[in-house]
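The values are calculated or read from the model by the stated rules, or taken from the named source; none is laboratory data. Given the structure is predicted, the values throughout are model-derived calculations rather than measurements. Here the Cβ positions follow ideal geometry from the backbone for every residue, glycine too, while neighbour counts run over all protein chains shown. Ligands, DNA and RNA are stripped out before the accessible areas are found, and what is left, the full protein with its side chains, is counted by its heavy atoms. Shrake-Rupley method; radii C 1.70, N 1.55, O 1.52, S 1.80 Å.
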Amino acid sequence: MKIVDEIKLDFDDILLVPARSPAASRKQVNLKRTYKFFHSPKEWTGLPIMAANMDTTGTFPMAVALNNHDAITCLHKHYSAKQINDYFEYYNHEKNVWVSIGMGNQDIASLHTICQQLHHSPNICIDIANGYTEKFVGFCSDVRKLFPDSIIMAGNVCTPEMVQELILHGGVDIVKIGIGPGSACTTRLKTGVGYPQLSAIIECSHAAHGLKSGEGRMGLICADGGCRIPADVCKAFAANADFVMLGGMLAGTNECEGEWEYHLDKDGVWIRQELYERSDDFVAALARGGGVVNIPNDSMTDSPHVMLPKMSKQKKSLLFYGMSSDKAQDKYNSGTNDYATSEGRVKTIPYKGAAASIMKDIEGGLRSCCAYVGATSIKDLPKCAKAVKVNRTHFDRTV
Ligand code: 5GP
């Protein structure tokens, strides 16, 4: 085995260094980017953050919420073409919604159906766990020929030569970077394969940006996976990511779909229920459940009843799982193949409220990061950012 001697870095291995600057206040930092693409003739402007196309986070409600921030949602693969068309018809903001596909023929058929209805081609995310096969490059190139106008993102890979291969021979505009960094991913544990995400972003963006097809048209990358806190998103942009994709950070927000667990809370309202059964056991059970039992005596005109507290349902936690986990394979592919193993984990994520609050936190972190290092925009962040290697990034225990 050949060993590369240089230690590769992850988000926790560095801190960005503040620098004196004439840069504007946080308020004036520009978080929007405008991109032209290597192949697609489209131009895109917005906040270059994407919700992952996992079935919990790549949802229609997420697309509505993130569009309010001019950010992107990659819809998961399990929506039908009809559901996607209905959504586009109603909300009409295709610029910030990417349609995800795998490598199946039915995926291409579904894209054609969407195209026919939209009268133009949607942005496409071609997503498979291992983007290193020749077959994958060929498939991406076929999709490019069929949908020449689409912005095509494809992955995942984590090394420069494959980034260039996908852009030059696969017709891809944005290469999705990340093998094994994801919060619901166990690839590194099962296979020993991966690449520290910060170094992957630095090396792959360098390779992509070196490929140009015209004025302002170059290869781009999306850093996918491993962001746990706003600081990681800042570091990904500082390392020259063009887009950053988030799964776990958005998981547990109100806009997620899937298996929720609920709290039952008393909300102070009482409901009257007539009491037809009066056995001692039944009455005792109602009382234990918080009910107040009223059995009027003969002189009263009221009927026997119980006052029960009205319960309201509050989201408590979401089941979040990797798309290669046994859980997802059972749900969509009738189980994991005999020759494969699960490469995803299942977690319970506490309810986090609206996705808008997570996005606000990230936007605030990005603005502040730019102001600290002297950048007036996230476009300038990689040029202004200097990082130091560290052994500890922050104080993580209570005193
Ligand atoms: P996160 O933001 O949660 O750290 O990472 C999200 C990314 O993890 C996704 O966009 C996807 O690329 C990756 N991912 C999702 N499910 C799985 C899985 O089951 N196995 C692996 N290896 N990666 C996954």
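Contact annotation: residue pairs with Cβ atoms under 8 Å, 6 or more positions apart or on different chains, pairing a residue in segment 241-252 that is assigned to a strand (DSSP E or B) and within 8 Å of the ligand (Cβ to nearest atom) with a partner that is open to solvent by less than 10 Å² (accessible area, probe 1.4 Å) and β-branched (V, I, T), are M245/I49; L246/I49; L246/T57; L246/V233. Which numbered condition in (1) in contact with a Lys or Arg (Cβ under 6 Å, 6 or more places away or on another chain); (2) within 16 Å of the ligand (Cβ to nearest atom) is the only one that L319 fails? Against the list (1) in contact with a Lys or Arg (Cβ under 6 Å, 6 or more places away or on another chain); (2) within 16 Å of the ligand (Cβ to nearest atom), L319 comes up short only on (1).
Here N130 fulfils each of the conditions (1) within 13 Å of the ligand (Cβ to nearest atom); (2) surrounded by 21 or more Cβ atoms within 10 Å (Cβ to Cβ) apart from (2). If you check K379, K347, K331, K315 for being closer than 30 Å to V292 by Cα and surrounded by 14 or more Cβ atoms within 10 Å (Cβ to Cβ), only one passes: K315.
How many residues, within segment 1-29, are among the β-branched types (V, I, T) and either assigned to a strand (DSSP E or B) or in contact with a Pro (Cβ under 7 Å, 6 or more places away or on another chain) (or both)? Outline the logic, then answer.
To start, the set of residues in segment 1-29 that are among the β-branched types (V, I, T) comprises 3-4, 7, 14, 17, 29.
If we keep only those that are either assigned to a strand (DSSP E or B) or in contact with a Pro (Cβ under 7 Å, 6 or more places away or on another chain) (or both) too, we end up with 14.
Count: 1.
Taking segment 350-366 as the range and being buried (at least 17 other Cβ atoms within 10 Å of the Cβ) and either among the basic types (K, R) or touching a Ser or Thr at 6+ places or on another chain (Cβ under 8 Å) (or both) as the test, the residues that pass are Y351, K352, A355, I358. Is there any pair with a first residue in segment 227-239 that is among the hydroxyl-bearing types (S, T, Y) and a second that is open to solvent by 30 Å² or more (accessible area, probe 1.4 Å) and not in a loop (DSSP other than H, G, I, E, B) whose Cβ atoms are under 6 Å apart and which are 6 or more apart or on different chains, and what are they? Filtered contacts from segment 227-239: no entries. Of all residues being aromatic (F, W, Y) and over 21 Å from K315 (Cα atoms) in segment 259-305, which is surrounded by the fewest Cβ atoms within 10 Å (Cβ to Cβ)? Just the residue, please. My answer is Y276.
Of all residues assigned to segment 94-109, none qualifies as being over 23 Å from the mean Cα position of the chain (by Cα), open to solvent by 10 Å² or more (accessible area, probe 1.4 Å) and under 20 Å from A208 (Cβ atoms). I'd like to check something: does segment 166-176 contain any residue that is within 16 Å of the ligand (Cβ to nearest atom), aliphatic (A, V, I, L, M) and within 24 Å of A340 (Cα to Cα)? Looking through segment 166-176, none of the residues is within 16 Å of the ligand (Cβ to nearest atom), aliphatic (A, V, I, L, M) and within 24 Å of A340 (Cα to Cα). The sole residue among I229, I167, I177 that is hydrophobic (A, V, I, L, M, F, W, C), surrounded by 18 or more Cβ atoms within 10 Å (Cβ to Cβ) and out of contact with any Leu (no Cβ under 9 Å at 6 or more places or on another chain) is I177.
The residues in segment 201-240 that are within 16 Å of the ligand (Cβ to nearest atom) and either in contact with a Ser or Thr (Cβ under 7 Å, 6 or more places away or on another chain) or not β-branched (V, I, T) (or both) can be counted, and the count is 17.
Before we move on, is M218 out of contact with any Pro (no Cβ under 8 Å at 6 or more places or on another chain), open to solvent by 20 Å² or more (accessible area, probe 1.4 Å), at pLDDT 95 or above and not small (G, A, S)? Yes; evaluated as a whole, the condition is true for this residue.
The number of residues in segment 81-93 that are open to solvent by 50 Å² or more (accessible area, probe 1.4 Å) and in a loop (DSSP other than H, G, I, E, B) comes to 1.
Restricting segment 30-47 to residues that are assigned to a loop (DSSP other than H, G, I, E, B) and in contact with a helix residue (DSSP H, G or I) (Cβ under 8 Å, 6 or more places away or on another chain), which is nearest to the ligand (Cβ to nearest atom)? It would help to see each step written out before you state the result.
Our first condition is that a residue be assigned to a loop (DSSP other than H, G, I, E, B); within segment 30-47, this holds for 31-32, 38-42, 47.
If we keep only those that are in contact with a helix residue (DSSP H, G or I) (Cβ under 8 Å, 6 or more places away or on another chain) too, we end up with 31, 38-39, 47.
Working: L31: 19, F38: 21, H39: 22, L47: 16 Å.
That would be L47.
Here are some residues: D55, D70. Which one is open to solvent by less than 40 Å² (accessible area, probe 1.4 Å), at negative phi, modelled with pLDDT of 95 or more and of a type in the set (D, E)? So the residue among D55, D70 that is open to solvent by less than 40 Å² (accessible area, probe 1.4 Å), at negative phi, modelled with pLDDT of 95 or more and of a type in the set (D, E) is D55.
Quick check on segment 153-164. Is at least one of its residues within 14 Å of the ligand (Cβ to nearest atom), under 20 Å from the mean Cα position of the chain (by Cα) and open to solvent by 20 Å² or more (accessible area, probe 1.4 Å)?
no
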